[in-house]
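The values are calculated or read from the model by the stated rules, or taken from the named source; none is laboratory data. All values reported here derive from a predicted model rather than from experimental measurement. Cβ placement follows ideal geometry from the backbone for every residue including glycine, while neighbour counts extend to all protein chains displayed. Accessible surface is based on the protein model in full, side chains and every heavy atom, while ligands, DNA and RNA are left aside. Shrake-Rupley method; radii C 1.70, N 1.55, O 1.52, S 1.80 Å.
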Amino acid sequence: MSIWQRLLNIDRRIVYLFLFAFISLPLLVPIGLPLTISPETRAIYDYIEKLPEGSVVVVSFDYSPSSYSEQHPQAVAVMNHLMRKPGIKIILVAFWEQGPIMAEEILRTIDTHGKEYGKDFVHLGYVAGGETAMSAFAADIHKTFPVDYRKNPIDSLPMMADIRSAKDISLLISIAAGSPGVPEFARQIQGPYKVPFAAGLVAISVPITMPYMQSGQMFGLMAGLRGAAEYEQLLNMKGKGSIGMDAISFSHIVVLAFILIANVAYLANRKGGAK
Amino acid sequence: MLGPVFATWMGAVLTLVVFSFLLKENPAWRLVEHIYLGFTAAHAISMGWANVRNLAWTPITTKGKYYLVIPCILGLMLYARFTKNYKWVSRYPMSFLIGASTGMILKGIIQAQFVSQVKASMVHISFDNGFWPGLGNLVIAVGTVAVLFYFIFSTKEKHPAERHFRTLGRWVMMVAFGATFGNAVMGEMTLLIGRLQFLYGDWLHLIK
């Protein structure tokens with residue numbers, strides 16, 4: 001067996017081993033590779049920075065543990081920014097059934113900067129129905145969520161007295177891993193109610209979501225862990241996104257190296273076979 | 001304090017067991033897979049019940065909103081599909097669900113996913129605002145038309161230009177698939193990084 005044939009038949013466990021080593025190294029010994037901030041991420045940061053006092057921001061937790069590594073750091077970064085801004089009212093909601101667990105985890109650990117539950121932020125929890133639920137939420141929040149996630153009647157929450165429908169929302173941010181997600185929000189809330197809309201996405205869904213940026217239906221997006229790292233950099237905070245960026249770069253180098261090796265071996269092997 | 005420590009250890013052990021699949025499929029991995037599925041199903045049931053309680057049971061029993069009994073009955077009728085003789089009963093709520101969902105989606109789809117996207121594709125091809133924005137608009141315009149042309153299957157490609165333009169459409173799609181693949185790799189790597197961050201950071205405290 002020639003060296004090229006051997007390279008074409010590398011045991012997959014060798015690939016795993018290389019990946020494991022090259023990802024572990026920068027996690028344990030951070031290098032701090034430079035990171036540029038994309039205009040899409042900066043747009044979200046700038047928009048929140050410019051929100052006037054009294055603005056109502058809805059953060060929708062539409063992801064599950066399977067995309068936790070990519071999306072939770074995005075949610076943590078955005079929530080940190082919103083909590084830092086005085087006078088901003090935050091509504092946490094979920095159209096994915098595991099979303100409330102993520103929201104509660106953030107609320108348990110985040111510095112609220114003096115914001116109080118019920119007065120400055122509420123967690124409404126999950127409502128079933130996907131797109132239908134989004135439509136109902138946009139039309140009448142109180143009817144869709146008679147009680148919040150902590151079982152308080154919504155009418156007992158002072159903050160919600162004047163917030164009745166999507167017309168009262170200043171900004172909608174969905175941390176969306178799939179469906180229901182961006183298309184559904186565009187159809188039911190952004191389009192009909194003209195609510196400014198941005199999203200945090202899993203990296204794989206970024207290309208198919210870019211048309212919504214192009215059309216102006218979304219004004220900003222965070223792309224995977226990189227988006228989270230960019231947002232953390234804008235906030236001057238060290239989170240899981242920033243810590244993971246060196247590892248992402250190293251892992252891509254490994255993948256590129258193996259793609260290169262495989263292609264060179266394939267071509268060399270074909271050439272050898274032709275002889 | 002014991003609770004979080006136990007949870008971290010349990011998470012670490014389960015993660016390592018899942019990683020063992022990389023070497024070989026084994027009973028421990030299958031057990032963890034079933035535990036995960038079980039937890040997910042149990043959580044879905046509890047969230048579903050919370051919805052029924054908040055949106056139906058409580059309003060019916062405390063506020064006298066008896067009309068909410070109708071969707072509850074329709075919901076129960078769905079379970080008839082698990083019986084042999086009364087399977088047909090489930091078709092009525094199912095048809096209601098499909099009808100309502102279709103109407104709901106159609107309400108927004110024309111504007112959100114057709115008109116807006118077509119409008120966004122009608123870009124002004126000009127280099128007045130700089131070379132790169134102009135080139136970007138040109139790529140969008142030519143790329144959109146080329147891909148649309150690729151999917152016109154009824155022409156006979158009489159002229160070589162037709163074939164070349166169709167090939168261009170395929171290349172545009174290849175570039176898009178490449179971008180998607182690159183993002184997919186980043187996403188999958190992030191999942192691994194997340195688990196290693198947990199193992200090295202939360203469990204072994206090796207990340208400062």
- Message: With the cut-off at 19 Å, tell me which of the pairs A:Lys50/A:Lys238; A:Lys143/A:Lys167; A:Lys115/A:Lys240; A:Lys194/B:Lys119; A:Lys50/A:Lys89 have Cα atoms farther apart than that.
- Response: A:Lys50/A:Lys238; A:Lys115/A:Lys240
- Rounded to the nearest 10 degrees, what's the angle between the helix B:69-78 long axis and the longest principal axis of chain B, both from Cα atoms, 0 to 90? 80
- Under the classification rounded if a/c is under 1.5, otherwise prolate if a/b is larger than b/c and oblate if not, where does chain B fall, given a ≥ b ≥ c as square roots of the Cα gyration tensor eigenvalues? oblate
- Message: Run the reach check for A:Lys151 against aspartates and glutamates, Cα to Cα strictly under 20 Å, same-chain hits fewer than 8 apart removed. What comes back?
- Response: A:Glu97, A:Glu104, A:Glu105, A:Glu116, A:Asp120, A:Asp140, A:Asp162
- Message: Averaged over its residues, how many other protein chain Cβ atoms are within 10 Å of peptide A:181-188's Cβ atoms?
- Response: 4
- Shielding by partners for B:98-107, please: the mean number of other protein chain Cβ atoms within 10 Å of each residue's Cβ. 3
- Carbon plus sulfur fraction of accessible area for chain A, probe 1.4 Å, in percent: 59
- Rounded if a/c is under 1.5, else prolate if a/b beats b/c, else oblate: with a ≥ b ≥ c from the C-alpha gyration tensor eigenvalues square-rooted, which is segment A:39-237? rounded
- To the nearest 0.05, what FRET efficiency results for A:Tyr193 and B:Ala42 with a Förster distance of 56 Å applied to their C-beta separation? 0.95
- What number comes out for the charge environment of A:Ala77, summing +1 per Lys or Arg and -1 per Asp or Glu over other residues with Cβ under 15 Å away? -2
- Item | For segment B:1-40 versus segment A:85-136, the gap between their alpha-carbon centres in whole angstrom | 29
- Message: Roughly how far apart, in whole Å, are the Cα centres of segment B:143-199 and segment A:226-275?
- Response: 19
- Could you tell me how many degrees, from 0 to 90 and to the nearest 10, lie between the Cα long axis of helix A:12-28 and the main elongation axis, the longest principal axis, of the Cα atoms of chain A? 60
- Query: So how do B:49-57, A:239-247 stack up, highest first, on mean other-Cβ count within 10 Å?
  - Reply: A:239-247, B:49-57
- Item | Solvent-accessible surface (1.4 angstrom probe) belonging to B:Phe151, in square angstrom, nearest 10 | 110
- Query: Of all DSSP beta bridges in the protein assembly as shown, what percent run antiparallel (nearest 5)?
  - Reply: 5
- For chain B, built as a Gaussian network whose Cα springs stay under 10 Å, the top-fluctuating residue of B:Lys65, B:Lys107, B:Lys84: B:Lys84
- Fraction of beta bridges assigned by DSSP in segment A:39-237 that are antiparallel (%, nearest 5): 5
- Query: For segment B:123-208, what is the accessible area per residue in Å², given a 1.4 Å probe and the full set of protein chains?
  - Reply: 66
- Message: Are there any residues in segment A:57-71 with a reduction of at least 50 Å² in accessible surface when going from the isolated chain to the assembly of protein chains? Probe 1.4 Å, please list them by number.
- Response: A:Ser69
- Query: What are the chymotrypsin sites (Phe, Trp or Tyr not before Pro) within segment A:158-218 that DSSP puts in a loop, where the Cβ has at most 13 other Cβ atoms within 10 Å?
  - Reply: none
- Protein chains only, probe 1.4 Å: how do A:Leu256, B:Leu135 rank by accessible area, largest first? A:Leu256, B:Leu135
- If you take the charge dipole of segment A:1-138 about its Cα centre, with +1 on Lys and Arg Cβ and -1 on Asp and Glu Cβ, which of A:Pro100, A:Leu51, A:Tyr63 is farthest toward its positive end? A:Tyr63
- If each K or R counts +1 and each D or E counts -1, the residues other than A:Met134 whose Cβ falls under 13 Å of its Cβ total -2
- Which of the trypsin sites (Lys or Arg not before Pro) across segment B:119-163 are loop residues per DSSP, with 11 or fewer other Cβ within 10 Å? B:Lys156, B:Lys158
- Could you tell me the total accessible area buried at the B-A interface, probe 1.4 Å, in square angstrom to the nearest hundred? 4300
- Message: Considering all alpha-carbon pairs of segment B:123-208, what whole percent are spaced by more than 14 angstrom?
- Response: 75
- Averaged per residue, what accessible surface does chain A expose to a 1.4 Å probe, in Å²? 43
